[in-house]
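Note sheet for the following structure.
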Amino acid sequence: MKTIKYFFKYSIIALLAGVIFSSCESWLDVKPDNETAASVLFSTERGFQEALSGIYTLMTEPELYGRELTFGMAGVLAQQYDWLHELSPYYYIQRNFDFAADQTRLLSDGVWNKQFNAIANVNDLLAFIDERKNVFASDESYAIIKGEALALRAYLHFDILRLFAPHKDAPEGAKKWVPYVEEFSKNTTGSMTFDEVTGKIMADLSDAAVLLENDPIYSGKTLTDLYFKNRQYHMNYYAVKGLTARVCIYAGLKEKALECAKEVIEAQQGKGLFPFVNGEEVTNPETDRRDRTFSCEHLFTLNIRDLQSSISGYLSQAQSGMALNNRELPDNLYEGYPDYRREFFEVKKVINPWGWATEQAISTKLWQVDPTNTYKYKMPMIRISEMYYIAAECGTDATTATGYLNTVRRARNIHTDLLELAPEQLRDELLKEYRKEFVCEGQLFYYYKRIGAYDAGWGSMPFKYVLYMPDNEISFAGRPRPGE
């Protein structure tokens, strides 16, 4: 694969995260440019920790979860914004669904290349970890590092699959679209079918779950190394179960999805993990001390130190580059309920890209304003609420399914319970919940794609759901082009 050749030469092996020692406060950039340097790096347990932390850092870059796969391109794909100027890089996605446009290709190429860069670094770590097992202080620390790496490889590939391949139920869904790369190599990895890729993902997640039974968040053991603190910043055991539930529901494996979602829900209810946010933390009159992303609910979160600069010019009270029209609130999106999630939309009179004043509702969910750093810098990657939605969708009876949905609604300050829902009604209510819950987080588009929700403004052409991969992947690796 051409992209893997590039990564082999320029791989960023490690960026040392302060989360190892406190809470992701500082990062050291270490860039070995050959196998010898990698061998030196992986000569100590600390080197493996640094390399793994570097992968998390790669994921925070703007081309990935620092923008495009959260509030940026993924948000536009889900039609979450009303106003986009024709000079915006997202204009052709929103207005014309034109994924072949040069501006769109720059975005999608960046996602593909950066995502596989991170995958290459995961595979480099995995290539050394078993033969260097003796450098670890304990079997537990070895197992946790390897488990996290396998889980990250699954996470990164899953979003490649969801972006660059049709859903398996769509026309052309049975073709071989994207690879699952398991080696740090110059060689091309062939494309696989949807089922083959999800099978690889599930295998990595299964292995990761076994290894992460050593995770303190699951085992309850205390490990002295500070790297193993702050487990929400890592692909911990419950994040693996949450991701497995997400993969299974996408692949139509509802029984397994329900099993994994329930395990996480039971950890919340039985162990007190991932509690629903307290309303006072959301509605705090000191607006700079509000928990805007409901951080206690994150199964897995990324620490993005420069998130404020990333959202500047995109989500801002001073401009209207990416905003909902005021008409959306509250009547449409939040249905008039006193929903906590509505707290983070502010209606501002701004000058739009065409030069005239207008009132628009802008999401403040990602604004970094907390001076105590308690809630700052956090980008949610997997949430406890998603587990309830998956459990509701996979519920074996209407009463139980509706109950899961009502639990989240109550936690969001909606105290009018839904009555027992028929399947069609449940789907309608889940769609509303995904729209409310995942603003600026990137998950709504994937939900639309999975359920074939053409009411999102997409029309009826299935390949409007599939991004173009880089030209060299088509020319040299023989991967398909959407619609051909």
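The values are calculated or read from the model by the stated rules, or taken from the named source; none is laboratory data. If you're wondering where the values come from, they're calculated on a predicted model, not measured in any experiment. Every residue, glycine among them, receives a Cβ derived from its backbone with ideal geometry; neighbour counts consider all protein chains shown. Side chains are part of the model used for accessible areas, which takes the heavy atoms of the whole protein and leaves out ligands, DNA and RNA. Shrake-Rupley method; radii C 1.70, N 1.55, O 1.52, S 1.80 Å.
Miscellaneous remarks
- Overall shape: oblate for segment 369-484, with the ratio a/c of the largest to smallest alpha carbon gyration tensor axis at 1.5 or above and b/c at least equal to a/b.
- Under 15 Å from LYS175, Cα to Cα: aspartates and glutamates that are on another chain or at least 8 residues apart: ASP195, GLU196, GLU484
- Global geometry of the chain, whether rounded, prolate or oblate, following the gyration tensor of its Cα atoms and the 1.5 cut on a/c: rounded
- For the set LYS168/LYS449; LYS241/LYS432; LYS176/LYS200, the pairs lying more than 19 angstrom apart at their alpha carbons are LYS241/LYS432.
- Relative contact order of the chain, taken over Cα pairs closer than 8 Å and 6 or more residues apart, is 19 percent.
- Dipole size of the chain about its Cα centre, with +1 on Lys/Arg Cβ and -1 on Asp/Glu Cβ: approximately 460 debye, rounded to the nearest 20.
- Its relative contact order, with pairs defined as Cα atoms under 8 Å and 6+ residues apart, puts segment 347-443 at 20 percent.
- For ASP139, the accessible surface of its heavy atoms amounts to roughly 110 Å² (probe 1.4 Å, protein chains only, rounded to the nearest 10).
- With every protein chain in place, the chain: carbon and sulfur % of accessible area (1.4 Å): 48 percent
- MRE, 222 nm, helices only [DSSP H, n ≥ 4, -39500 (n - 2.57), over the chain, to nearest 500]: -13500 deg cm²/dmol
- Computed packing ranks the peptides 280-289, 165-174, 66-75 as 66-75, 165-174, 280-289, most packed first, by mean other Cβ atoms within 10 Å.
- Length released on extending from LYS176 to ASP98, taking residue separation times 0.36 nm less the Cα-Cα span: 25.8 nm
- Hydrophobic long helices, here whole DSSP H runs in the chain with Kyte-Doolittle means of at least -0.5 and Cα atoms spread over 15 Å or more along the helix axis, are found at 45-59, 102-129, 139-164, 194-211, 237-251, 384-394, 398-411.
- Tensor-based shape of segment 384-435 (alpha-carbon gyration tensor, a/c under 1.5 rounded, otherwise prolate or oblate): rounded
- Across segment 54-160, Cα pairs under 8 Å and at least six residues apart give a relative contact order of 23 percent.
- Each of LYS256 and ASP471 was given a label point 7 Å from its Cα along the Cα-to-Cβ line. The distance between the two points is 3.9 nm.
- Residue (of ALA398, THR283, ALA154) at the positive-pole extreme of the chain, dipole from beta-carbon charges: ALA154
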